[in-house]
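Since the structure comes first, as structure tokens, the remarks are kept for the end.
The values are calculated or read from the model by the stated rules, or taken from the named source; none is laboratory data. Source: prediction; values computed, not measured. Please note: Cβ atoms are built from the backbone with ideal geometry, for glycine as well, and neighbour counts cover all protein chains shown. Surface accessibility is based on the protein's heavy atoms, side chains included, excluding ligands, DNA and RNA. Shrake-Rupley method; radii C 1.70, N 1.55, O 1.52, S 1.80 Å.
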Amino acid sequence: MVHVAVLLSEAKAAYHRLMIGEAAVEVRDSDGQTIRYTSANASRLKAYIAELEQQLAGTTACARRPLRPVWG
């Protein structure tokens, strides 16, 4: 399995290429599959980057409720 940091680096580089005008980029996911992104679906690539960042930080993709202190 490919390390998450490597996948994140590749995804960020691909997103950068899309933002500077490259027509399409290909990124491999954690399963080793290649996914093709274009400027039309760049938001999906950005979401994938966020997911990888969460994995790298050791958090899950689901949102948690805010913690509230309890005194007493």
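Annotations
- Segment 8-21, residues that are surrounded by 13 or more Cβ atoms within 10 Å (Cβ to Cβ) and not small (Gly, Ala, Ser): Leu8, Glu10, Lys12, Tyr15, Arg17, Leu18
- Some residue of segment 35-56 being modelled with pLDDT of 90 or more, open to solvent by less than 50 Å² (accessible area, probe 1.4 Å), of a type in the set (Ser, Thr, Tyr) and touching a Lys or Arg at 6+ places or on another chain (Cβ under 7 Å): yes
- Selected residue (criterion: modelled with the lowest pLDDT) from residues of segment 20-34 that are outside any loop (DSSP other than H, G, I, E, B) and closer than 14 Å to Ala5 by Cα: Arg28
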